[in-house]
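See below for the structure under consideration.
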Amino acid sequence: MAREEPEHLTQPQHGQVHVDPLAALRAPGDPPWDVYLTGTVFLDIIFTGLDSAPVRGTESWARGMGSSPGGVANMAAALARLGLRTSLAAAFGDDHYGEYCWDALAQGEGIDLSASRTVPDWHSPVTVSMAYENERTMVSHGHEPPPEGTAPDCPPRARAAVAALTPGISAPWIAQAAREGTRIFADVGWDDTGAWDLAGLADLHHCEAFLPNAEEAMRYTGAACPRAAAHALTDHVPLAVVTLGAEGAYAVDRRTAETAEVPAIAVEALDPTGAGDVFVAGFVTGTLAGWPLADRLAFAGLTAALSVQEFGGSLSAPGWAEIGAWWRRVQSVDGQDPAALRRYAFLERLVPEERIRPWPRRRAVPTIGFGRSA
(Lines give C-alpha, C1' and ligand atoms only; values in the text may rest on other atoms or scores of the structure.)
Protein backbone atom coordinates (compact mmCIF):
# COMPACT_ATOMS: atom_id res chain seq x y z
CA MET A 1 0.00 0.00 0.00
CA ALA A 2 1.48 3.37 -1.01
CA ARG A 3 2.27 5.82 1.73
CA GLU A 4 -0.05 8.85 1.74
CA GLU A 5 1.82 12.06 1.00
CA PRO A 6 2.17 14.27 4.10
CA GLU A 7 0.97 17.84 3.73
CA HIS A 8 4.54 19.19 3.71
CA LEU A 9 5.28 17.36 0.43
CA THR A 10 4.13 18.76 -2.90
CA GLN A 11 4.97 17.74 -6.46
CA PRO A 12 5.31 20.82 -8.64
CA GLN A 13 6.06 19.06 -11.90
CA HIS A 14 7.24 15.82 -13.52
CA GLY A 15 6.90 13.89 -10.27
CA GLN A 16 9.61 15.98 -8.60
CA VAL A 17 9.15 16.69 -4.91
CA HIS A 18 9.23 19.91 -2.95
CA VAL A 19 9.34 19.74 0.84
CA ASP A 20 7.83 22.66 2.73
CA PRO A 21 8.82 22.27 6.41
CA LEU A 22 6.46 25.12 7.37
CA ALA A 23 3.39 23.83 5.51
CA ALA A 24 1.42 23.12 8.68
CA LEU A 25 2.08 26.62 10.01
CA ARG A 26 1.21 28.70 6.96
CA ALA A 27 -1.88 30.89 7.14
CA PRO A 28 -3.43 33.84 5.29
CA GLY A 29 -1.73 37.10 6.18
CA ASP A 30 1.66 35.51 6.83
CA PRO A 31 4.76 37.43 5.72
CA PRO A 32 5.59 36.74 2.07
CA TRP A 33 9.07 35.48 2.98
CA ASP A 34 10.28 32.96 5.50
CA VAL A 35 13.80 34.38 5.72
CA TYR A 36 15.38 37.67 4.69
CA LEU A 37 19.13 38.07 4.15
CA THR A 38 21.46 40.83 3.14
CA GLY A 39 25.18 40.88 2.55
CA THR A 40 27.88 40.54 -0.07
CA VAL A 41 27.75 37.95 -2.85
CA PHE A 42 31.18 36.72 -3.93
CA LEU A 43 32.19 34.55 -6.80
CA ASP A 44 33.93 31.62 -5.11
CA ILE A 45 36.63 29.69 -6.93
CA ILE A 46 37.54 26.60 -4.93
CA PHE A 47 40.60 24.37 -5.28
CA THR A 48 40.56 20.97 -3.56
CA GLY A 49 42.80 17.93 -3.55
CA LEU A 50 45.91 19.87 -2.51
CA ASP A 51 48.43 17.72 -0.68
CA SER A 52 49.49 20.60 1.56
CA ALA A 53 49.31 24.34 1.96
CA PRO A 54 50.80 26.31 -0.94
CA VAL A 55 54.54 26.80 -0.44
CA ARG A 56 56.12 30.18 -1.08
CA GLY A 57 57.94 30.33 -4.39
CA THR A 58 56.44 27.12 -5.77
CA GLU A 59 53.49 26.12 -7.95
CA SER A 60 50.81 23.84 -6.52
CA TRP A 61 48.41 21.75 -8.59
CA ALA A 62 44.93 20.95 -7.31
CA ARG A 63 43.12 17.75 -8.25
CA GLY A 64 39.71 19.45 -8.14
CA MET A 65 38.19 22.85 -8.85
CA GLY A 66 34.74 24.41 -8.69
CA SER A 67 33.10 27.82 -9.08
CA SER A 68 29.90 28.98 -7.40
CA PRO A 69 28.24 32.01 -5.79
CA GLY A 70 29.65 32.61 -2.32
CA GLY A 71 29.45 34.96 0.63
CA VAL A 72 25.85 35.51 1.73
CA ALA A 73 24.77 33.30 -1.20
CA ASN A 74 25.94 30.28 0.81
CA MET A 75 23.22 30.74 3.40
CA ALA A 76 20.58 31.93 0.94
CA ALA A 77 20.93 28.80 -1.18
CA ALA A 78 20.98 26.54 1.88
CA LEU A 79 17.71 28.04 3.15
CA ALA A 80 16.04 27.82 -0.26
CA ARG A 81 17.08 24.19 -0.72
CA LEU A 82 15.47 23.35 2.61
CA GLY A 83 12.16 24.71 1.32
CA LEU A 84 12.11 28.17 2.91
CA ARG A 85 10.91 31.16 0.90
CA THR A 86 14.07 33.24 0.84
CA SER A 87 14.61 36.90 -0.04
CA LEU A 88 18.09 38.33 -0.55
CA ALA A 89 19.21 41.97 -0.79
CA ALA A 90 22.68 42.23 -2.28
CA ALA A 91 24.73 44.17 -4.79
CA PHE A 92 25.76 42.35 -7.96
CA GLY A 93 28.49 43.47 -10.34
CA ASP A 94 27.55 44.14 -13.95
CA ASP A 95 30.27 41.77 -15.16
CA HIS A 96 29.94 38.13 -16.24
CA TYR A 97 30.61 36.99 -12.66
CA GLY A 98 27.67 39.03 -11.40
CA GLU A 99 25.41 37.77 -14.17
CA TYR A 100 26.36 34.17 -13.36
CA CYS A 101 25.72 34.62 -9.63
CA TRP A 102 22.35 36.32 -10.21
CA ASP A 103 21.22 33.55 -12.57
CA ALA A 104 22.42 30.80 -10.25
CA LEU A 105 20.49 32.23 -7.29
CA ALA A 106 17.33 33.52 -8.98
CA GLN A 107 16.79 30.88 -11.66
CA GLY A 108 18.69 27.98 -10.18
CA GLU A 109 17.61 28.28 -6.54
CA GLY A 110 14.36 30.27 -6.70
CA ILE A 111 15.65 33.00 -4.38
CA ASP A 112 13.82 36.35 -4.51
CA LEU A 113 16.22 39.10 -5.63
CA SER A 114 13.70 41.95 -5.94
CA ALA A 115 15.56 43.82 -3.18
CA SER A 116 18.92 43.27 -4.91
CA ARG A 117 20.61 45.55 -7.43
CA THR A 118 23.04 45.27 -10.31
CA VAL A 119 25.58 48.06 -9.84
CA PRO A 120 26.99 49.61 -13.05
CA ASP A 121 30.78 49.68 -13.39
CA TRP A 122 31.28 47.67 -10.19
CA HIS A 123 33.06 44.35 -10.46
CA SER A 124 32.04 41.32 -8.48
CA PRO A 125 34.03 40.44 -5.35
CA VAL A 126 36.00 37.21 -5.78
CA THR A 127 37.32 34.67 -3.27
CA VAL A 128 39.78 31.91 -4.08
CA SER A 129 39.58 29.11 -1.51
CA MET A 130 42.15 26.33 -1.18
CA ALA A 131 41.10 23.24 0.79
CA TYR A 132 43.71 20.89 2.26
CA GLU A 133 44.22 18.78 5.40
CA ASN A 134 40.66 19.54 6.58
CA GLU A 135 41.53 23.24 6.56
CA ARG A 136 41.18 26.04 4.04
CA THR A 137 43.01 29.20 3.07
CA MET A 138 41.23 32.03 1.28
CA VAL A 139 42.29 35.06 -0.73
CA SER A 140 39.61 37.66 -1.55
CA HIS A 141 39.40 40.84 -3.59
CA GLY A 142 36.61 43.39 -3.86
CA HIS A 143 35.47 46.96 -3.27
CA GLU A 144 32.62 48.38 -1.23
CA PRO A 145 29.52 48.87 -3.41
CA PRO A 146 28.14 52.42 -3.77
CA PRO A 147 25.29 53.39 -1.40
CA GLU A 148 22.59 52.62 -3.98
CA GLY A 149 23.75 49.00 -4.06
CA THR A 150 23.37 48.38 -0.32
CA ALA A 151 20.43 46.87 1.53
CA PRO A 152 17.22 48.87 2.04
CA ASP A 153 16.60 50.33 5.51
CA CYS A 154 13.08 48.86 5.39
CA PRO A 155 13.45 45.14 4.69
CA PRO A 156 10.53 43.08 3.38
CA ARG A 157 8.27 41.32 5.87
CA ALA A 158 9.67 37.93 6.82
CA ARG A 159 9.28 35.36 9.55
CA ALA A 160 13.01 35.48 10.24
CA ALA A 161 16.22 37.16 9.17
CA VAL A 162 19.84 36.13 9.51
CA ALA A 163 22.21 38.94 10.39
CA ALA A 164 26.01 38.96 10.37
CA LEU A 165 26.98 41.18 13.31
CA THR A 166 30.04 43.41 12.99
CA PRO A 167 31.78 44.80 16.10
CA GLY A 168 31.22 48.53 16.48
CA ILE A 169 28.70 48.77 13.63
CA SER A 170 24.91 48.92 13.88
CA ALA A 171 22.76 47.97 10.89
CA PRO A 172 19.47 49.95 10.89
CA TRP A 173 17.58 47.21 9.05
CA ILE A 174 17.99 44.80 11.98
CA ALA A 175 16.11 47.05 14.42
CA GLN A 176 13.49 47.78 11.77
CA ALA A 177 12.93 44.08 11.06
CA ALA A 178 12.73 43.24 14.77
CA ARG A 179 10.09 45.94 15.30
CA GLU A 180 8.03 44.33 12.53
CA GLY A 181 8.10 41.00 14.36
CA THR A 182 10.88 39.32 12.38
CA ARG A 183 12.88 36.81 14.42
CA ILE A 184 16.58 37.66 14.13
CA PHE A 185 19.25 34.95 14.09
CA ALA A 186 22.79 36.29 14.31
CA ASP A 187 26.24 34.98 13.59
CA VAL A 188 29.54 36.81 13.83
CA GLY A 189 32.99 36.77 12.30
CA TRP A 190 36.42 37.07 13.82
CA ASP A 191 36.96 40.32 15.73
CA ASP A 192 40.01 41.84 14.03
CA THR A 193 40.08 44.64 16.61
CA GLY A 194 40.91 42.15 19.35
CA ALA A 195 38.41 43.79 21.71
CA TRP A 196 35.95 40.88 21.90
CA ASP A 197 33.43 43.11 23.64
CA LEU A 198 29.81 41.99 23.53
CA ALA A 199 28.76 45.61 24.05
CA GLY A 200 30.30 46.30 20.64
CA LEU A 201 27.72 44.01 19.02
CA ALA A 202 25.16 46.78 19.06
CA ASP A 203 22.34 44.81 17.43
CA LEU A 204 22.62 41.69 19.60
CA HIS A 205 19.77 42.83 21.84
CA HIS A 206 17.42 42.66 18.84
CA CYS A 207 18.27 38.99 18.26
CA GLU A 208 16.47 35.84 19.30
CA ALA A 209 19.46 33.55 18.73
CA PHE A 210 23.25 33.95 18.52
CA LEU A 211 25.33 31.25 16.82
CA PRO A 212 29.11 31.78 17.26
CA ASN A 213 31.76 29.07 17.12
CA ALA A 214 33.49 27.86 20.26
CA GLU A 215 36.51 30.16 20.02
CA GLU A 216 34.36 33.23 19.38
CA ALA A 217 31.99 32.36 22.24
CA MET A 218 34.83 31.92 24.74
CA ARG A 219 36.58 35.12 23.69
CA TYR A 220 33.38 37.17 23.94
CA THR A 221 32.48 35.82 27.39
CA GLY A 222 35.87 35.03 28.91
CA ALA A 223 34.58 31.56 29.75
CA ALA A 224 37.00 28.66 30.06
CA CYS A 225 34.96 26.24 27.94
CA PRO A 226 32.41 26.54 25.12
CA ARG A 227 29.52 25.19 27.17
CA ALA A 228 30.06 27.72 29.93
CA ALA A 229 30.32 30.38 27.23
CA ALA A 230 26.92 29.38 25.84
CA HIS A 231 25.32 29.81 29.26
CA ALA A 232 27.03 33.18 29.70
CA LEU A 233 25.75 34.38 26.32
CA THR A 234 22.14 33.85 27.44
CA ASP A 235 22.57 36.92 29.65
CA HIS A 236 22.55 38.86 26.37
CA VAL A 237 20.35 36.83 23.97
CA PRO A 238 17.55 34.31 24.64
CA LEU A 239 19.09 31.41 22.70
CA ALA A 240 22.81 30.66 22.36
CA VAL A 241 24.12 27.99 19.99
CA VAL A 242 27.85 27.27 20.04
CA THR A 243 29.40 25.07 17.36
CA LEU A 244 32.13 22.77 18.66
CA GLY A 245 33.78 21.66 15.43
CA ALA A 246 34.37 17.90 15.42
CA GLU A 247 32.51 17.62 18.76
CA GLY A 248 29.19 18.87 17.36
CA ALA A 249 27.19 21.72 18.90
CA TYR A 250 25.75 22.86 22.23
CA ALA A 251 22.74 25.09 22.81
CA VAL A 252 21.04 26.83 25.72
CA ASP A 253 17.57 28.40 25.66
CA ARG A 254 17.13 30.88 28.51
CA ARG A 255 13.36 31.06 28.01
CA THR A 256 12.78 27.34 28.66
CA ALA A 257 15.96 26.52 30.66
CA GLU A 258 16.52 23.82 28.04
CA THR A 259 19.97 22.65 26.97
CA ALA A 260 20.95 20.29 24.17
CA GLU A 261 24.16 18.80 22.82
CA VAL A 262 24.50 16.75 19.64
CA PRO A 263 27.74 15.17 18.39
CA ALA A 264 29.03 15.86 14.91
CA ILE A 265 28.57 13.36 12.07
CA ALA A 266 31.89 12.02 10.83
CA VAL A 267 32.24 12.41 7.06
CA GLU A 268 35.06 12.62 4.56
CA ALA A 269 35.22 16.32 3.74
CA LEU A 270 35.92 17.49 0.21
CA ASP A 271 35.44 21.23 0.80
CA PRO A 272 34.39 22.90 4.09
CA THR A 273 33.46 26.21 2.40
CA GLY A 274 30.12 27.46 3.69
CA ALA A 275 29.53 24.65 6.19
CA GLY A 276 28.89 27.15 9.00
CA ASP A 277 26.29 28.94 6.87
CA VAL A 278 24.55 25.65 6.10
CA PHE A 279 24.50 24.84 9.84
CA VAL A 280 22.76 28.15 10.57
CA ALA A 281 20.26 27.53 7.74
CA GLY A 282 19.40 24.11 9.15
CA PHE A 283 18.92 25.53 12.64
CA VAL A 284 16.73 28.38 11.40
CA THR A 285 14.60 25.89 9.45
CA GLY A 286 14.01 23.71 12.50
CA THR A 287 13.30 26.70 14.71
CA LEU A 288 10.69 28.18 12.37
CA ALA A 289 9.11 24.73 12.08
CA GLY A 290 8.84 24.50 15.88
CA TRP A 291 11.04 21.45 16.41
CA PRO A 292 12.59 20.55 19.78
CA LEU A 293 16.00 22.07 20.44
CA ALA A 294 17.92 18.78 20.13
CA ASP A 295 16.26 18.03 16.77
CA ARG A 296 17.23 21.47 15.49
CA LEU A 297 20.86 20.92 16.49
CA ALA A 298 20.94 17.45 14.94
CA PHE A 299 19.40 18.68 11.69
CA ALA A 300 21.79 21.64 11.47
CA GLY A 301 24.78 19.37 12.00
CA LEU A 302 23.54 16.89 9.43
CA THR A 303 23.00 19.50 6.72
CA ALA A 304 26.48 20.94 7.38
CA ALA A 305 28.04 17.46 7.22
CA LEU A 306 26.36 16.69 3.91
CA SER A 307 27.49 20.03 2.47
CA VAL A 308 31.23 19.43 2.93
CA GLN A 309 31.08 16.42 0.61
CA GLU A 310 30.52 18.68 -2.43
CA PHE A 311 32.43 21.58 -4.02
CA GLY A 312 31.57 25.15 -3.16
CA GLY A 313 29.58 26.87 -0.45
CA SER A 314 26.20 27.72 -1.96
CA LEU A 315 25.87 24.86 -4.46
CA SER A 316 27.05 22.25 -1.97
CA ALA A 317 24.05 22.77 0.31
CA PRO A 318 21.84 19.65 0.56
CA GLY A 319 18.18 19.49 -0.38
CA TRP A 320 15.60 17.13 1.04
CA ALA A 321 16.44 14.44 -1.51
CA GLU A 322 20.01 14.25 -0.19
CA ILE A 323 18.78 14.31 3.42
CA GLY A 324 16.34 11.50 2.67
CA ALA A 325 19.00 9.44 0.89
CA TRP A 326 21.32 9.79 3.91
CA TRP A 327 18.58 8.73 6.34
CA ARG A 328 17.69 5.64 4.33
CA ARG A 329 21.36 4.72 3.88
CA VAL A 330 22.33 4.92 7.56
CA GLN A 331 19.38 2.76 8.56
CA SER A 332 20.57 0.04 6.18
CA VAL A 333 24.10 -0.17 7.62
CA ASP A 334 24.65 -3.10 9.97
CA GLY A 335 25.85 -2.38 13.47
CA GLN A 336 24.48 1.12 13.79
CA ASP A 337 24.13 2.44 17.32
CA PRO A 338 20.37 2.37 18.08
CA ALA A 339 20.66 5.51 20.20
CA ALA A 340 22.30 7.37 17.31
CA LEU A 341 19.53 6.29 14.95
CA ARG A 342 16.89 7.46 17.40
CA ARG A 343 18.58 10.86 17.47
CA TYR A 344 17.59 11.32 13.79
CA ALA A 345 14.28 9.46 13.85
CA PHE A 346 12.41 12.75 13.48
CA LEU A 347 13.52 12.74 9.83
CA GLU A 348 11.18 9.86 9.06
CA ARG A 349 8.13 12.13 8.96
CA LEU A 350 9.92 14.76 6.87
CA VAL A 351 11.92 13.15 4.09
CA PRO A 352 10.37 12.38 0.71
CA GLU A 353 9.58 8.81 -0.26
CA GLU A 354 12.38 7.03 -2.12
CA ARG A 355 10.36 6.49 -5.29
CA ILE A 356 10.04 10.24 -5.89
CA ARG A 357 12.58 11.59 -8.34
CA PRO A 358 14.59 14.39 -6.71
CA TRP A 359 14.79 17.89 -8.06
CA PRO A 360 18.05 18.25 -10.01
CA ARG A 361 20.60 20.31 -8.09
CA ARG A 362 23.18 22.62 -9.59
CA ARG A 363 26.71 21.91 -8.43
CA ALA A 364 29.88 23.96 -8.63
CA VAL A 365 31.59 23.54 -12.01
CA PRO A 366 35.20 24.24 -13.03
CA THR A 367 34.31 26.74 -15.75
CA ILE A 368 31.48 29.29 -15.56
CA GLY A 369 29.12 28.83 -18.47
CA PHE A 370 29.09 25.03 -18.53
CA GLY A 371 25.68 23.52 -18.03
CA ARG A 372 23.68 26.75 -18.43
CA SER A 373 21.03 24.95 -20.45
CA ALA A 374 20.82 22.00 -18.04
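List of remarks:
Yes/no matrix, rows are residues, columns are (1) assigned to a loop (DSSP other than H, G, I, E, B); (2) touching a Gly at 6+ places or on another chain (Cβ under 6 Å):
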position	(1), (2)
Val55	yes, no
Ser60	yes, no
Ser67	no, no
Gly70	no, yes
Trp102	no, no
Gly108	no, no
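- Ala104 open to solvent by less than 40 Å² (accessible area, probe 1.4 Å) and in contact (Cβ under 8 Å) with a residue 60 or more places away in the chain: yes
- For region 183-230, a residue qualifies if it is aliphatic (A, V, I, L, M), under 18 Å from the mean Cα position of the chain (by Cα), closer than 15 Å to Pro167 by Cβ and at pLDDT 95 or above, and exactly one does: Ala186.
- Under the condition of being within 16 Å of Thr287 (Cβ to Cβ) and in a loop (DSSP other than H, G, I, E, B), the residues counted in region 226-247 number 3.
- Residue within region 110-122 that is out of contact with any helix residue (DSSP H, G or I) (no Cβ under 6 Å at 6 or more places or on another chain), farther than 30 Å from Pro32 by Cα and surrounded by 16 or more Cβ atoms within 10 Å (Cβ to Cβ) present: yes
- Residue selected from region 248-274 under the condition of a type in the set (Ser, Thr, Tyr) and part of a loop (DSSP other than H, G, I, E, B), by the criterion modelled with the lowest pLDDT: Thr273
- Among residues of region 73-86 that are of a type in the set (Ser, Thr, Tyr), those with a Cβ under 6 angstrom from a residue that is surrounded by 24 or more Cβ atoms within 10 Å (Cβ to Cβ) and part of a helix (DSSP H, G or I), sequence gap 6+ or separate chain, pair up as Thr86/Ala76; Thr86/Leu79; Thr86/Ala80.
Per-residue answers, yes or no, for (1) closer than 16 Å to Ala240 by Cβ; (2) open to solvent by 30 Å² or more (accessible area, probe 1.4 Å); (3) without any contact (Cβ under 8 Å) to a residue 24 or more places away in the chain; (4) not aliphatic (A, V, I, L, M):
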residue	(1), (2), (3), (4)
Cys154	no, yes, yes, yes
Arg159	no, yes, no, yes
Leu165	yes, no, no, no
Ala175	no, no, no, no
Ile184	yes, no, no, no
Gly189	no, yes, no, yes
Gly200	no, no, no, yes
Ala209	yes, no, no, no
Gly222	yes, yes, yes, yes
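- Residue, surrounded by the most Cβ atoms within 10 Å (Cβ to Cβ), within region 30-48, restricted to residues that are assigned to a loop (DSSP other than H, G, I, E, B) and modelled with pLDDT of 95 or more: Pro31
The values are calculated or read from the model by the stated rules, or taken from the named source; none is laboratory data. In this text the structure is predicted, and so the values were computed from the model without any measurement. Positions of Cβ are backbone-derived with ideal geometry, glycine not excepted, and every protein chain shown enters the neighbour counts. To get the accessible areas, we keep the full protein, side chains included, count just its heavy atoms, and leave off ligands, DNA and RNA. Shrake-Rupley method; radii C 1.70, N 1.55, O 1.52, S 1.80 Å.
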